[in-house]
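The values are calculated or read from the model by the stated rules, or taken from the named source; none is laboratory data. Quick caveat: nothing in here was measured; it's all calculated off a predicted structure. Virtual Cβ from ideal backbone geometry, glycine too; neighbours counted across all protein chains shown. What goes into the accessible areas is simple: the full protein's heavy atoms, side chains included, and nothing from ligands, DNA or RNA. Shrake-Rupley method; radii C 1.70, N 1.55, O 1.52, S 1.80 Å.
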Amino acid sequence: MSGVWIYADKYEQGVELLTAGRGVADMLGMKLTALVSGDNNIAQDFIARGADEVLLLPPLTESQPVQDYVPLMADEARDADPDVFLIAASLKGKEMAARIAARLDTALCSECSAMNIDEKGKLQMERLMYGGAAIQTVSISSRPQMATIPPRSYEAAPVQSDRQGNIKTLESPEPSGMQVMERKGKAQASGDITAARIIVCAGRGIENQEDLAMVRELAEVLGGEVACTRPISEEKHWMTEESCIGLSAKEVKPALYLGIGVSGQIQHVVGIREAGIICAVNSDENAPIFESADYGITGDLYQIVPALIEEFKK
Amino acid sequence: MPNIICCFKWVVDEAYIKPSSSGKIDLEWAEYKLSDYDRNAIEEAVQLQEKYGGSVTAVTVASSDATKGIKDALSRGPEKAYFINDDQFENLEPSQTSAILAKVIGDQIDYDLIICGEGSSDMYSQQVGPRLAEKLGIPCIAFVNQLTIEDNRIIAERKTDDGLEVISAPLPALVTVLPDINSPRVPGLKDTLAASKKPVIEIDLEDLGSEYERLLIDEGLRAASMERNCSRFGAGPEDIKAFVEAVRKTGVIDRG
Ligand SMILES: Cc1cc2nc3c(=O)[nH]c(=O)nc-3n(C[C@H](O)[C@H](O)[C@H](O)COP(=O)(O)OP(=O)(O)OC[C@H]3O[C@@H](n4cnc5c(N)ncnc54)[C@H](O)[C@@H]3O)c2cc1C
């Protein structure tokens, strides 16, 4: 059998993968199969948006983690033997993909950033390594060729009229012995940094949580959003991870990025490489951020940020 | 009392990676380090041992270049290490690393809990932990930021895209940990001296008795240059004015 498979644990990423998967399936002249958790309506929606077949994953009990689908998905894939299997690179998706790949004894390209098909019909996939300092191209010699695809890499596939497809409902997965005891939602971030035109980014050069007010004021004056580095969100917990930029967080494409007390380590900078203009304020003239910046101020942010607020207000 | 294994990787320090003029990556002058989040994995294992007793064993798969890494890992508290090393273990991909770890851990080490970092600093594929759990046939909880052991079960709080989940799983189990789970201790001179006296069990490819084929094929590597030509400004009032002027001129700011 041949085919292209997709799976996402979230609907929004599922419809993005339909775009990615449809593209690959068309180039290879293959069928597109979507693994979807939900009901018949969602299955029909996936077919209308490009799937030729939907394998419907039955609902889990309240205490079952979504990872309980792993053995089932691996067994189905072993039977059907698809050529390509793409999984959304959500946190859950990344774990599930690695586990499915282990069960299928195949390789997996993690967080694939670009994908081409060579003359032999094999995927040539790009991914970042060394924190973003290098781009590696890989292919996979085993079956299926697996990759995880970062959210927002593709547009959502549109609904088309007159599309037909099969729906097959799979059996409920066995409980794994793992139990979800509690689920906690996260605090809503103030704004969406991935959509912001102007971003002021707070780094660990900021000493106290109160001092973020000054960074917020600068962002306000510029009409932008406040973002942060990983230490600010993960270590100090001053801002949510939704606001964090970088390799293990969000990639942003603002017209203007202004880093305040950000050292500019590669894992952070890789998230702003598409920014129009990059500016930085740092007291260390040798800080790596200056190598990635267009305009840099060397100096104490506690003196410079208030001065910038005044000057930009004019 | 749990027997805990922590896995670690000895990696190129990415701070030393500079693209050469040809766009290639030059590793000749690179320094190596213990992968950042594996420090959290080791620290967590040692903290659990301080709380519950038991043992901590550090394990790595590498070429013999990682000898320094063994000492570094042992200086952070584990009482012994398995150094699975062979000249052929250079640049392994995750399916190989996890299969080799599973072989050694499954055959030779008593364990209740395995702790890995969420991903390595060099490749950051985030695969070895989950793959290892599958190969050993034990539960896996990835992206954990809090961990306790109760009645032969592990209770872990893990990050998801929607927030957090508290998961309970029977031991033996594997977890991968996030950097915010703890602050790794900085080993002192005494710890470094103590590390050189700790037992290290060396295993090579021949001892393993199987082949581990590469399935993820390298097709090329190029530097991702992010260098820009920075105009530098000082901190004086005139500099601030000139900076703001320069930024305004680019037209990225709507108002003003
Ligand atoms: C696998 C991996 C993934 C990672 N993913 C991410 C990621 O997604 N996002 C991310 O941000 N990081 C990530 N990191 C961490 C990254 O390597 C850096 O540690 C982090 O970005 C540094 O944050 P920072 O610049 O805020 O802090 P620091 O590196 O501590 O820098 C603080 C800077 O502030 C300056 N400073 C101090 N005081 C002042 C002052 N008064 N005035 C002006 N300047 C001052 C200092 O000179 C310094 O340059 C990752 C790391 C790894 C290993």
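Report yes if some residue within the stretch B:208-215 is outside any loop (DSSP other than H, G, I, E, B) and touching a strand residue (DSSP E or B) at 6+ places or on another chain (Cβ under 6 Å); otherwise report no. No, the stretch B:208-215 contains no residue that is outside any loop (DSSP other than H, G, I, E, B) and touching a strand residue (DSSP E or B) at 6+ places or on another chain (Cβ under 6 Å). The set of residues in the stretch A:134-148 being of a type in the set (A, V, I, L, M, F, W, C), open to solvent by less than 10 Å² (accessible area, probe 1.4 Å) and either touching a residue at least 12 places away in the same chain (Cβ under 8 Å) or closer than 21 Å to A:GLY21 by Cβ (or both) consists of A:VAL138, A:ILE140, A:MET146, A:ALA147. Flag set for A:MET115, criterion: more than 9 Å from chain B (Cβ to nearest Cβ), assigned to a strand (DSSP E or B) and under 19 Å from the mean Cα position of the chain (by Cα). For B:ASP65, the requirement of being modelled with pLDDT of 95 or more, assigned by TED's automatic domain parsing to the domain that holds B:PRO199, of a type in the set (D, E, K, R) and more than 15 Å from B:ASP207 (Cβ to Cβ) is not met. Of all residues in the stretch A:70-102, those satisfying the criterion of being assigned to a helix (DSSP H, G or I) and open to solvent by 10 Å² or more (accessible area, probe 1.4 Å) are A:PRO71, A:LEU72, A:ASP75, A:GLU76, A:ARG78, A:ASP79, A:ALA80, A:LEU91, A:LYS92, A:LYS94, A:ARG99.
Table: residues versus (1) more than 14 Å from every other protein chain (Cβ to nearest Cβ); (2) under 26 Å from the mean Cα position of the chain (by Cα).
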site: A:LYS186; (1), (2): no, yes
site: A:ASP192; (1), (2): yes, yes
site: A:ALA195; (1), (2): yes, yes
site: A:CYS201; (1), (2): yes, yes
site: A:ASP211; (1), (2): yes, no
site: A:GLU217; (1), (2): yes, no
site: A:GLU235; (1), (2): no, yes
site: A:CYS244; (1), (2): no, yes
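Per the conditions (1) more than 17 Å from the chain's Cα centre (by Cα); (2) closer than 20 Å to B:ASP122 by Cβ; (3) more than 6 Å from the ligand (Cβ to nearest atom); (4) surrounded by fewer than 22 Cβ atoms within 10 Å (Cβ to Cβ), the sole criterion not satisfied by A:GLY264 is (4). Looking across the stretch B:238-256, the residues that are surrounded by fewer than 14 Cβ atoms within 10 Å (Cβ to Cβ) and within 7 Å of chain A (Cβ to nearest Cβ) come down to B:ASP254, B:ARG255, B:GLY256. Restricted to the stretch B:72-169, the set of strands (runs of 3 or more DSSP E) holding at least 2 residues that are open to solvent by 10 Å² or more (accessible area, probe 1.4 Å) and away from the ligand (no atom under 16 Å from the Cβ) comprises B:80-85, B:140-150, B:153-160.
For the stretch B:156-177, the candidate set comprises residues that are more than 7 Å from chain A (Cβ to nearest Cβ) and small (Gly, Ala, Ser); within that set, the residue that is nearest to B:ILE4 (Cα to Cα) is B:ALA173. Of all residues in the stretch B:17-54, exactly one satisfies the criterion of being part of a helix (DSSP H, G or I), within 16 Å of the ligand (Cβ to nearest atom) and open to solvent by 60 Å² or more (accessible area, probe 1.4 Å), namely B:ARG39.
When you scan the stretch B:164-175, do you find a residue that is touching a helix residue (DSSP H, G or I) at 6+ places or on another chain (Cβ under 7 Å) and either modelled with pLDDT of 95 or more or over 30 Å from B:PHE83 (Cα atoms) (or both), even just one? Looking through the stretch B:164-175, at least one residue is touching a helix residue (DSSP H, G or I) at 6+ places or on another chain (Cβ under 7 Å) and either modelled with pLDDT of 95 or more or over 30 Å from B:PHE83 (Cα atoms) (or both).
Candidates B:LEU132, B:LEU74: the one that is out of contact with any Gly (no Cβ under 9 Å at 6 or more places or on another chain) and within 13 Å of chain A (Cβ to nearest Cβ) is B:LEU132.
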